Amino acid sequence: MKKFFIVLIMLFGLFALVGCGGNVIDKEFADLTEEVKTSSEEIKIKFRVPSGVISAALPNLIADFNVVYPNIKVELDAVSGGYKMVRQTTILDIQSTKAPTLVLGYPDHFAEYFSADAMIKLQDFISGPNGYTQTELDDFVQSYLDEGKNYDDEKPEDMYSLPFNKSTEVLIYNKTMFEAMKLKDDSIVIPKTWEELKTVTEKINTLVQAGELDEVITIAEGEKKPSELYAEGTFYPFAYDSAANGFITMTRQRGGGYTEKVNNGKGYIVFNSPENVAGLKYFKAENDAKRYAIAETFNDIYASNAFMALKTFMTVGSSAGVGHNIPEGDKFEIAVAEAPYLAAKPGNKYIIQQGTNVAILAQSTNKQRAAAWLLLKFLLQPEYTAKFAMATGGYLPVRKSAYETDDYAEYLTNPPIGKEGFSMAANVALNYLNKGYQFFVDPAFVGSSGVRDEVAALFTAIIVNDKDVEERLTKAYQTLGKAYQRPE
Amino acid sequence: MLEYKKDGWKAAIALGPTLLLLSVFTFYPIINAVLMAFKQNYVFLGGNYDGIGFGNFVTVLTDPKFLDALKNTSIMVFISVPLTIVISLLLAVALNSVKKFRGFFQTVFFLPYVTNTIALGLVFNVVFHKDYGLFNSIFGLNMVDWLGAGTTYWRAMFVLMVYTIWNGLAFKIIVLLAGLQSIDKQYYQAASVDGASRKRVFGRITVPLLSPMILYVTITSFIGAFKVYTSVIALFGKGSGQAGAYGPDNMLITVVGYIYEKLWASGTPFGVAAAASIILFIIILIITLIQMIVSKKRVHY
């Protein structure tokens, strides 16, 4: 009998421990924040990020955090190999119950962690004693905040992640060249819409072909003049960096549809629509007319090399990558403007939002979770999201009031040397918020990044490899398979 | 000589460490892969699946990407392997007949084998570069794109073939050369006394006496070629996080590439990857069995 009771107690203990790891947990840990705040007990947490600008910027901010919370030791786990390796390492760690406390990731990564009950609900912290007031929540850029929702089918409003390092797409252009072109033809302006882009690129091509811009920028020995590049067929006035973003933004701006999320584990593809067929044919025709390119047209993964070699004068790319487009020395000046929208559909001024979010993983003690929350809350204060944005360069603050902090206001108007491009990109991002543009990101589900990869391949195949639009769309549906298609 | 009854424990000690390592790193993963393949919709993260069955195999065999991968791999195998063997046999015979500089030539032909695949990929990227590549300038081709985004299927396949054949020669030449040097000189002397032509000597003496080596090289080459992966990445991969690691539109994806893609695809569908790897295993098994059956009639030990 005695043995039976011992076994029973042990079993109970086991279940109690198992109960700690999962999405559905009691709210008690949220209340622990007060205790952790005032306790002298050392609590260790691990924060996994990709190595690079983020891991370089965080130690200073964490040092500030430790001034306030000396008992919380943060181990920054910088993983090389980008987000791909952050995801793979985290998946392996979750399987071997060694997951970090905090991790950065895309919504589809979190959808996977969520499906394995490996994430905790941040909503409990948000509405807990050390959470956010409604005013504070309203201060976050709403579309960034929305990425943290829709994980739990029964409570889609519950937040599971918070925005951390966000970026968006901007139009980077060769300012020196545009100033020279305007002197020759004052109708050449920075295009705000795709329609304007078409007429402007037509005019640019005429000037380039005639050799009228060959002397504007002094080129190095071995480089080719714009007219020579045009003659050999490698000059395109405009280039889109990311084929996937090019396609997805097109579906939004034209209202053609992309994916429809069913639940966390499932979503359908809906991108084979008349609007998207028309869009793809439009961009293909523009490419054939030598007015529109993507990075792959130049045999590259980004258009920045082509931009610096004068093979293109405008490129739409990530605000986090603006720095790559600045040539060494004083070859030419760049400037940044809003990415184009469709004038025919002015209500669809959609701009894709990028960058990752942060989540707290479930393989942690309640105190670690509370400590992780305190770290998050500290780093997401307006002045700290601004500091993080300035330190990393191309990332944007996640809170609106951060743009008004003294340091950031100074950064926007009078950037330090070497950060001018990023500052211009941040100004454009602010314009997006204030001038009726809408940030968007398609709701993620397990498998949604597979769709993104396939549309990148599709867009490249059509633009660069001259594949037939309808045939390639059909092939994309076949490749993604029936699991992605709504049953008829 | 060890005897089972008397020295069983000695054998156990000798084999123990190896068996232990093989169990952990080979037997267990193989058994696990077979189990995963039959767990329908098995995902690694969380370990969920919907019962036991052939669902993963159906998914693989109806996936156009897998069929593309199988087509590409088959083209690679059935064109590059026979060509490599014939060329390496001819080169080995030629090297065997050279007295001077044999060591030098052996080193030259063996170099690709000891050179890093990624480095070779970079070299090929320069040789076949659209704008300044050696190949285009030698053959006077105007900016033909071989490896870039603007390439075509057969152009890309051509470069991959050249790479695979050239890279595969080294090991085969060394093996065949060793085989040639072990052929008893008396056979050649007898042939020369009988006045046999060179062609006849090659067909009636060299090839038959070399047949065990040729069989070995053929079987290992076929197995190796079915597992082709790194060469495609070396030639077409553009770095992490980018789509199109297997050429534009992933046109040259191979079966191993497909398996790897599935392992880490969103949702970690390890079950599908395991099923694909078992299908690859069965294909290799069948091809090897056919070779063994044919070899019984053709190989002279």
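The values are calculated or read from the model by the stated rules, or taken from the named source; none is laboratory data. The shown structure was predicted, so the numbers you read here are calculated from the model rather than taken from an experiment. As a convention, Cβ positions derive from the backbone with ideal geometry for all residues, glycine included, and neighbour counts pool all protein chains shown.
Observations on the structure shown:
- Residue count, region A:82-104 (criterion: within 30 Å of A:Glu34 (Cα to Cα) and within 8 Å of chain B (Cβ to nearest Cβ)): 1
- Going through (1) in contact (Cβ under 8 Å) with a residue 60 or more places away in the chain; (2) touching a helix residue (DSSP H, G or I) at 6+ places or on another chain (Cβ under 6 Å) one by one, A:Val451 falls short only on (2).
- Candidates B:Val217, B:Val294, B:Val272, filtered to the one that is outside any loop (DSSP other than H, G, I, E, B) and within 14 Å of chain A (Cβ to nearest Cβ): B:Val272
- Here B:Ser266 fulfils each of the conditions (1) touching a His at 6+ places or on another chain (Cβ under 9 Å); (2) at positive phi apart from (2).
- Qualifying residue in region A:51-73 (condition: closer than 30 Å to B:Leu263 by Cα, within 14 Å of chain B (Cβ to nearest Cβ), surrounded by fewer than 20 Cβ atoms within 10 Å (Cβ to Cβ) and under 19 Å from the mean Cα position of the chain (by Cα)): yes
- Any pair with Cβ under 8 angstrom, 6 or more apart, that starts in region B:38-66 at a residue that is within 16 Å of B:Glu261 (Cα to Cα) and ends at one that is β-branched (Val, Ile, Thr) and assigned to a loop (DSSP other than H, G, I, E, B): B:Val43/B:Thr268; B:Phe44/B:Thr268; B:Leu45/B:Thr268; B:Lys65/B:Ile253
- Restricting A:Asp158, A:Asp152 to those that are under 24 Å from the mean Cα position of the chain (by Cα), touching a residue at least 40 places away in the same chain (Cβ under 8 Å) and in the same structural domain as A:Arg369 (by TED's automatic domain parsing) reduces the list to A:Asp152.
- All positions within region A:105-131 that are more than 14 Å from every other protein chain (Cβ to nearest Cβ) and either crowded, with 19+ Cβ neighbours inside 10 Å or of a type in the set (A, V, I, L, M) (or both): A:Ile120, A:Lys121, A:Leu122, A:Gln123, A:Asp124, A:Phe125, A:Ile126, A:Gly128
- Residue list for region A:453-469, filter: more than 7 Å from every other protein chain (Cβ to nearest Cβ) and either over 21 Å from A:Thr297 (Cα atoms) or buried (at least 22 other Cβ atoms within 10 Å of the Cβ) (or both): A:Glu454, A:Val455, A:Leu458, A:Phe459, A:Ile462, A:Ile463
- Count - residues of region A:279-325 that are of a type in the set (A, V, I, L, M) and within 13 Å of chain B (Cβ to nearest Cβ): 7
One line per residue, one yes/no per condition, for (1) part of a helix (DSSP H, G or I); (2) more than 22 Å from the chain's Cα centre (by Cα); (3) within 14 Å of chain A (Cβ to nearest Cβ):
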| position | (1), (2), (3) |
| --- | --- |
| B:Phe44 | no, yes, yes |
| B:Asn56 | yes, yes, yes |
| B:Ala69 | yes, no, yes |
| B:Ser74 | yes, no, no |
| B:Leu83 | yes, no, no |
| B:Leu95 | yes, yes, no |
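- Verdict on B:Phe281 being out of contact with any helix residue (DSSP H, G or I) (no Cβ under 8 Å at 6 or more places or on another chain), more than 14 Å from every other protein chain (Cβ to nearest Cβ) and either assigned to a loop (DSSP other than H, G, I, E, B) or among the aromatic types (Phe, Trp, Tyr) (or both): yes
- Boolean, B:Leu147 is more than 24 Å from B:Ile219 (Cβ to Cβ), in contact (Cβ under 8 Å) with a residue 24 or more places away in the chain and surrounded by 19 or more Cβ atoms within 10 Å (Cβ to Cβ): yes
- Any hit, region A:330-342, residues being touching a residue at least 12 places away in the same chain (Cβ under 8 Å), out of contact with any strand residue (DSSP E or B) (no Cβ under 7 Å at 6 or more places or on another chain), among the small types (Gly, Ala, Ser) and assigned to a loop (DSSP other than H, G, I, E, B): no
- Of B:Thr220, B:Thr230, all but one fail to be closer than 27 Å to B:Val127 by Cα and surrounded by fewer than 20 Cβ atoms within 10 Å (Cβ to Cβ); the exception is B:Thr230.
- Looking only at region B:225-243, residues that are within 22 Å of the chain's Cα centre (by Cα) and either at pLDDT below 80 or within 14 Å of chain A (Cβ to nearest Cβ) (or both) come to 3 in all.
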